[in-house]
Each structure stands twice: as structure tokens, then as C-alpha cells.
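For reference, the structure discussed in these notes is given below.
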Amino acid sequence: MGSDGWNNPYALPETVQRMTRIVIENIFFFMLPTFLYIVWVAFREDEWAGLPTIVSRAPLLRLFFAGAVLMLGTLIVFSSRSDNSPRDVYVPPSVEDGKVEPGHSIHPTDQQSAKP
């Protein structure tokens with residue numbers, strides 16, 4: 001329930017869809033070094049030894065750490081690309097002159113200079 005006491009039945013599926021995408025992206029970046037290792041071994045060797053054989057010979061600990069570093073790196077890069085700080089004030093979308101202005105954040109210094 002929201003603060004207004006109304007439960008939006010469409011909010012949960014939308015939230016689950018967004019979170020599922022985020023989880024899948026993180027798993028992809030975590031597993032990417034292992035996938036690249038398997039592809040590299042498959043093209044390097046003349047005969048395909050089979051996936052279980054390749055995985056049993058793989059340096060799994062190194063691949064684990066490489067995947068963790070890659071995943072954490074992407075989380076840091078994508079989370080720090082916005083210029084919003086915790087002190088920013090969010091201005092919700094509004095209609096001005098018949099056009100919808102998207103929501104945006106205002107820095108406290110911008111807010112003081114906007115006042116007459």
C-alpha cells in the first residue's frame with residue numbers, strides 16, 4: 001500500500017520485471033569470464049572435449065574473482081553515472097504550456113538561484 005492508502009495492482013509486475021532485468025544483467029557480467037574462457041578453450045583446441053571436461057580443468061577460482069570484479073565494476077560505473085546527490089530536490093513531471101515536462105532533480109544551489 002502506498003502512503004495514500006491505495007494499492008496499485010500494476011506496480012508489482014512492473015517492479016518484478018525491472019528487478020529481474022537487473023539480476024540477469026548482474027549474473028551475465030559475473031559469468032562472462034567463464035563463458036569467454038569456455039569459448040577460448042573451444043576454439044584453441046582441435047577437438048571438443050566436452051563442457052564437463054573443460055569446466056573441470058578451468059581455473060574456477062580465478063574466473064570467480066574476475067567475474068566478481070567485473071560485476072562490481074559495472075555496478076559502480078552504472079550507479080555513479082548520475083549527477084544526483086542525496087541533497088537534491090526531485091521535481092515531478094508537470095504540464096507546462098500543454099507539454100509534459102519530465103521529472104528532474106534540482107541541486108540546492110540551483111534552487112536558491114531560481115528564486116527571485
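Ordered by the count of other Cβ atoms within 10 Å of each Cβ, fewest first, 31, 19 give 19, 31.
If the chain linking residue 77 and residue 109 were pulled fully straight, counting 0.36 nm for each residue of separation and taking away their Cα-Cα distance, it would gain 8.9 nm.
All of the numbers you see were taken from the coordinates with simple rules; none came from a lab. Here the structure is a predicted model, which is why all the values come from computation and not from measurement. Virtual Cβ from ideal backbone geometry, glycine too; neighbours counted across all protein chains shown.
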